[in-house]
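The values are calculated or read from the model by the stated rules, or taken from the named source; none is laboratory data. Since the model is a prediction, treat every value here as computed from it, not as a measurement. Don't worry about glycine lacking a Cβ; one is built from the backbone with ideal geometry, like all the others, and counts go over all protein chains shown. For the accessible areas, the whole protein counts, side chains as well, though only heavy atoms, and no ligand, DNA or RNA atoms are used. Shrake-Rupley method; radii C 1.70, N 1.55, O 1.52, S 1.80 Å.
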Amino acid sequence: MDQTHERKMSFEGAEGRPAPPTSLPLQGQGGGASQRKKLSAPRISLSLDQSEDDLFDTPDDLDINVDDLDTPDEADYTDHEIDWEEPQASQRDSVKETVEPIPTYSAQEERQDSKLWRTVIIGEQEHRINMKSIEPYQKVVSHGGYYGNGANAIIVFAACFLPDSDREDYHEIMENLFLYVISTLELMVAEDYMIVYLNGATPHRRMPGLNWLKRCYQMIDRRLRKNLKSFIIVHPSWFIRTILAITKPFISSKFSSKIKYVNSLAELEELIPMEYIHIPECIIRLDEELRETAESSKINSFLQGSEIPQESIAQPNASSS
């Protein structure tokens, strides 16, 4: 009992706290005197003889393959990423103005808003045509069907659809229109062909200039010049006759022999089929006015001619009397 008490006191002195009890009181034994049940504590090895190097030695049978270890994928962290942004930065993002998305255009709106360009090759050179600028004037050249054996094309050129020369962009339009006419002519013509030039109902401000006509002739491919069988000018004016007379020294004699003048649509119908030729309304009205004027002049000349013999007859009678 004294040894137990001394051990107890030694633990108190060493640790500075009372030692835990080693027995539990039991009642009902030895006339009411309390007894304690002894408990045996496990043995603890407090030996410090093991060297420090032994603590970090790895057993030989402990072979770890790093490649076989199951490591978490990068995707495992996506749901657990930490938002490292400062509160002020997130607030600034919420305050930023929203950028308006670029509006999507339909095909029709894109045609209206943007310029359409066509690339053509004329004389082994590549040219670009601004189709937007000549859109109102594309009726200047059209296909009028075929004549002869069905392979000869009729190309109709209506000068009344040309732009006014007082426009600020007149030269730009005529440049693109020139390329359009030449490239269209090459597409329409396969073999022999003729050109019908509708000159009527065209004011002087819309008449093409001499340089423009000369350039058209020079830019036409040699094949097109050779296959051109006839150049018919309907309702010729003194202006177009003068231009052709001036340009005659610059063009070949063969081309000059192909030029024909027609004064009415009726005369044109006698030369070529008119079934597929589109004649503008202004030219039809002009042709009707010219026909009425011609009929009136015939009637007047007939009436004047009928009055002349009567006067000539009356004069001899008067002289004889």
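Condition check ((1) open to solvent by 50 Å² or more (accessible area, probe 1.4 Å); (2) at pLDDT below 90; (3) farther than 20 Å from C282 by Cβ) across all residues:
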residue	(1), (2), (3)
G144	no, no, no
A159	no, no, no
D169	yes, no, yes
M188	no, yes, yes
T202	no, no, no
Y217	no, yes, yes
D221	yes, yes, yes
Taking the criterion of being open to solvent by less than 60 Å² (accessible area, probe 1.4 Å) and touching a His at 6+ places or on another chain (Cβ under 7 Å), would at least one residue in region 227-250 satisfy it? yes
Cβ-Cβ below 6 Å, separation at least six or inter-chain, first residue in region 221-244 and of a type in the set (K, R), second outside any strand (DSSP E or B): which pairs? K229/D192
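Quick one: is K258 open to solvent by 100 Å² or more (accessible area, probe 1.4 Å), modelled with pLDDT of 80 or more and at negative phi? Can you show your working first?
Values: open to solvent by 100 Å² or more (accessible area, probe 1.4 Å): no; modelled with pLDDT of 80 or more: yes; at negative phi: yes.
So K258 fails the test.
Could you list all residues from region 262-287 that are within 15 Å of I155 (Cβ to Cβ) and open to solvent by 40 Å² or more (accessible area, probe 1.4 Å)? Even if it seems obvious, please write down each step before you answer.
First, the residues of region 262-287 that are within 15 Å of I155 (Cβ to Cβ): 268, 271-274, 276-279.
Matches in region 262-287: L271, P273, M274, Y276, H278.
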